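Before anything else, here's the structure in question.
All of the numbers you see were taken from the coordinates with simple rules; none came from a lab. Because the structure is a prediction, the values reported are computed rather than measured. In this analysis, Cβ positions are derived from the backbone assuming ideal geometry, glycine residues included, and neighbour counts consider all displayed protein chains.
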Amino acid sequence: MVAHRGRNWQLAPSLIALEAEVNRLAPNRNKASDGSIGDAAHSARTSDHNPDNGWVDAIDITHDPANGMDIHGLLRQLAARGDARRRVKYLISNGQIHNPSRGDPPGRWRRYTGSNQHTRHGHISILNSGRVDTSPWWPPVTLPAPPVSDEEEEVTVLIRNNQSGHPDFERVPAPAGHPRGLSGLAVPHRRPRRCPPARRQGVRLLHA
């Protein structure tokens, strides 16, 4: 479990929101490599796991695809999105680093030369300006509705016309396979054509 606060330090709200989001995505994920505040080894060097004016600006999330948490895949999605740059300082994942704070464009990864290759977890460091940004890290994607076929559109129009009392439609039994709840379909009611009046001027009637 990731520690959120301790003596004289607190994890940035943006990263608390990130942890909550991955927990919703994968409720049964392994958390063995999760982390926030740095240990003694981290404190001996520059690291965002060390408090900065009381804030910890980094989090590690365990890679556990078997239980639904492909953190390496999620970090690549994050790196590919340009809008993530507003709060991401750098990402480390599976032996590579994405560092927009040093000019990496969206989606660009480089070889990471640190001793920990971050294969068992992914690392997220944020900018100071992104500490309180708790908006979704991976917003849900809204897919466009599938196109309606000509046949489905025609049936919809016919039903609508019939329900509104259109005089040129009548209800017939619905064929098998149509949505439940329809007792019948409205189909065009073909009226017989009326012959033009025979008494018009200049018209001669022909009789057999």
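Whole angstrom only: what separates the Cα centroid of region 94-114 from the Cα centroid of region 24-63?
Taking the Cα centre of region 24-63 as reference, the centre of region 94-114 is 19 Å away.
Counting Lys and Arg as +1 and Asp and Glu as -1, each charge on the Cβ, what is the dipole of region 5-130 about the Cα centre in debye, to the nearest 20?
My answer is approximately 300 debye.
Within the P(r) computed for region 5-130, what percentage of the Cα pairs occupies the region above 21 Å?
Working: 2849 of 7875 pairs.
Above the 21 Å cut-off, region 5-130 has 36 percent of its Cα pairs.
What residue among Pro51, Val2, Gln77 has its Cα farthest toward the positive end of the dipole of region 1-136, where the charges are +1 on Lys, Arg and -1 on Asp, Glu, each on the Cβ?
My answer, from the dipole projection, is Gln77.
For Arg108 paired with Ser129, estimate the spin-label separation in nm (one decimal), with each label point 7 Å from Cα along the Cα-to-Cβ line.
Each label point is offset 7 Å from its Cα along the Cβ direction, giving 1.9 nm.
Tell me which residues come under 5 Å, amide H to amide H, from Trp55 once H is placed; ignore anything under 5 positions away on its chain.
HN-HN under 5 Å from Trp55: Gln10.
Still on this structure, please answer the following. May I ask you to sort Val88, Val141, Val2, Val132 by Cβ crowding, counting other Cβ atoms within 10 Å and putting the fewest first?
Numbers: Val88 24, Val141 5, Val2 18, Val132 10.
Placing the least packed residue first, the sequence is Val141, Val132, Val2, Val88.
Additional query: So, by mean Cβ neighbours within 10 angstrom, what's the order for 53-60, 29-36 with the highest one leading?
Numbers: 53-60: 19.1, 29-36: 17.5.
Ranked from most to least packed, the peptides come out as 53-60, 29-36.
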